[in-house]
1. If you consider only alpha-carbon coordinates, what radius of gyration and Dmax does segment 1-70 have, in Å?
2. Identify the trypsin sites (Lys or Arg not before Pro) of segment 229-276 meeting these criteria: DSSP loop state and at most 15 other C-beta atoms within 10 Å of the C-beta.
3. Could you compute the longest span of the chain free of chymotrypsin sites (Phe, Trp or Tyr not before Pro) located in DSSP loops and having at most 13 other Cβ atoms within 10 Å, not counting the site residues?
4. How much of the DSSP beta bridge set in the chain is antiparallel, as a percent to the nearest 5?
5. Find out how many positive minus negative residues lie around Cys279, taking Lys and Arg as positive, Asp and Glu as negative, among other residues whose Cβ is under 9 Å from that of Cys279.
6. Binned at 5 Å from 0, what are the whole-percent values of the Cα-Cα distance distribution for segment 141-328, short to long?
7. Note down the relative contact order for segment 1-126 as a percent, whole number, built from C-alpha pairs under 8 angstrom at least six residues apart.
8. Taking the Cα centre of segment 241-336 as the origin, how large is its charge dipole in debye, to the nearest 20, when only Lys and Arg (+1) and Asp and Glu (-1) carry charge on their Cβ atoms?
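Only the coordinates and a few stated rules stand behind these numbers; no lab work does. Here the structure is a predicted model, which means the values were calculated and not measured. Here the Cβ is made from the backbone with ideal geometry for all residues, glycine too, and neighbour counts use every protein chain on show.
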Amino acid sequence: MSEWIAVVDDDETNLDIAEYIFQRNGMRAELLGSGAALLDFMKDNRPDLILLDIMMPKMDGFETLERLRELEKEQGREETPVIFLTSDEDQLSETKGLKLGAMDYIRKPLVPDILILRVQHITELVNLQRNLSLEVSRKTEELESLTLQVVQTLADAIDAKDTYTNGHSSRVASYAKSIAERFGYSKEKQERIYMMGLLHDVGKIGVPDYVINKPAKLTEEEYNRIKDHSVMGARILKNIRKMPELPVGARWHHERYDGKGYPDGLAGGSIPEEARIICVADAYDAMTSFRSYRRPLEQDAVRRELLRGKGTQFDPVFADIMIEMMDEDANYRMHE
């Protein structure tokens, strides 16, 4: 079945262009001239994706999206993915849109190849989210085992995007589970943090391969795309209602104990405990894995970095547990 896209723009020329592009690529377009028209349409329809212009009279795109989310909540249905259309280069507007729940921005005038790639990319992410939700919601022991295999496969696929992170997600999950066990987590909570560790980088599926694997220094824009993976990952995982804690690791594993991390600048105890554990595990694996510019660091160097980061980058308690694990690893087996 072809994708069904609702396009909302007060400019008829933009609507005609979008319709032509989608029809040429075998997609169905629903053309709407205002935010009010979209809200009326959405009462009884479920498109796969909405392209929503920001600058519109009477009700702009931001207000339209807010009211759409209220409508969906009232109807008890999942959120329809939204991509904003804009000719504005204002980063504050982009930030506002992402905070409201938009999944992406597309600049006008529309470029056919970019438009189709972005739309296909978002619909693939949404389908992934739905499939994960279906898998995780199954409660039998047999299907829980299957779910773990599916998640493991997904984690491997994400790692495969990066030439230098083979097995990264599995190792982070394993280290995080060990830290949680030593800290006193129950078996059930250990399994949960293992799943969170497996999926902590799921948002990288939304980052272009050329950015992830770029050997040279990233531009500011490219670095921001990398940073977006934490927010994107949480967005992908948030509708898995049977495991509402899954987004925690994805969103906050790059927060720092001193508050200088991203995406929200949380500090200390305001960072969820599981994210603080995954942060240490993630950093440890980064230091003990192969990179394009170096081999895994020597164990003593890794230990020094963990000590240096206590209380700034890392929660001191979990950093100490990781160091304890290292000290027991006399033959330095814990590395890629």
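1. 11.7, 35
2. Arg241, Lys242, Lys260
3. Between the exposed loop sites, the longest stretch runs 1-292.
4. Beta bridges within the chain, antiparallel portion: roughly 5 percent.
5. Once positives and negatives cancel, what remains is -1.
6. In whole percents, the pair-distance histogram is 1, 8, 16, 21, 22, 17, 9, 3, 1, 0.
7. So the answer I get is 23 percent.
8. The dipole of segment 241-336 has a size of about 400 debye.
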